[in-house]
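Q: Here it is, the structure in full.
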Amino acid sequence: MNVPTTPPMHYAPQVAPRNGFGTTALVLGITGAVLALVPIVGVIAWPLVILGLIFGILGMQRARTGAATNKGAAIAGTATSALGLLICIVWAVSFAGAVATTPPATMPLPTPPGLPAEVVSPSVADEPSKTLPVPTPKAGTISGSGTFLVGVDIEPGTYRSAGPLASVIPNCYWARHKDASGDMLSIIANANSQGPAVVKIAASDGAFETNGCQTWEQVK
């Protein structure tokens, strides 16, 4: 007698839930929101919160189709990422406003080389073209401090000064120059004196510089 046998039952294999997007969104959202609160460092939060939003939306779609079981993590990741993005936008707007309201810094213009410092107007930073006229010394004398062109402002010859002007640190400085460039390499000869000084200015000299000295008188 044959006994009927029951055919074996086949069970469909269980598929593991695909929770990667939701978990990634939660991690990125929390990290991005925390970093967004830190000035300067918050720049790093921009890509984190944007990626967190993308992964959060994908995670919610998976949970809606039943492929994932962590819908709550996906929603929380999306929310924290959105919060972090909002903080980043607030920082960016605040920084842009601060830059727009900061007045540009102005730098004082340097004294042109070869010209005495006192000929430049005090308002040269605002009006660079406005200068005071340079007084021409009397023949046979060199008065004041500055740089004087030989053959134009002064005549070549031997000059004598009684010494430095009265000051806290009296010092009479003079220098013969090849030209009026103001470059150190143009100096032919120079000296500092605390007493009477004598200098011979040659016709081949380009300029003569004096600073802190009493009037130079031509002796020959």
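Q: Within region 180-195, how many residues turn out to be surrounded by fewer than 13 Cβ atoms within 10 Å (Cβ to Cβ) and either in contact (Cβ under 8 Å) with a residue 24 or more places away in the chain or acidic (Asp, Glu) (or both)?
A: So the count comes out to 3.
Residue by residue, here is whether (1) in a loop (DSSP other than H, G, I, E, B); (2) within 15 Å of Cys88 (Cβ to Cβ); (3) at pLDDT 90 or above; (4) not assigned by TED's automatic domain parsing to the domain that holds Ala82 holds:
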position: Asn2; (1), (2), (3), (4): yes, no, no, yes
position: Thr5; (1), (2), (3), (4): yes, no, no, yes
position: Tyr11; (1), (2), (3), (4): yes, no, no, yes
position: Ala25; (1), (2), (3), (4): no, no, no, no
position: Leu35; (1), (2), (3), (4): no, yes, no, no
position: Val38; (1), (2), (3), (4): yes, yes, no, no
position: Gly42; (1), (2), (3), (4): no, yes, no, no
position: Leu48; (1), (2), (3), (4): no, yes, no, no
position: Ala63; (1), (2), (3), (4): no, no, no, no
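Q: Listed residues Gly97, Gly84, Gly114; which is in a helix (DSSP H, G or I), over 18 Å from Arg18 (Cα atoms) and modelled with pLDDT under 85?
A: Exactly one of Gly97, Gly84, Gly114 is in a helix (DSSP H, G or I), over 18 Å from Arg18 (Cα atoms) and modelled with pLDDT under 85, namely Gly97.
Q: Given the structure, is Ala139 part of a loop (DSSP other than H, G, I, E, B), more than 30 Å from Trp46 (Cβ to Cβ), at pLDDT 85 or above and among the small types (Gly, Ala, Ser)?
A: Criteria not met by Ala139.
Q: Determine which single condition Gln214 fails, assuming it passes every other condition in (1) touching a Leu at 6+ places or on another chain (Cβ under 8 Å); (2) surrounded by fewer than 21 Cβ atoms within 10 Å (Cβ to Cβ); (3) on the phi > 0 side of the Ramachandran plot.
A: That leaves (3) as the condition not met.
The values are calculated or read from the model by the stated rules, or taken from the named source; none is laboratory data. Remember, it's a predicted structure, so these values are computed and weren't measured experimentally. Cβ sites come from the backbone with ideal geometry, for glycine too, and all protein chains shown count toward neighbours.
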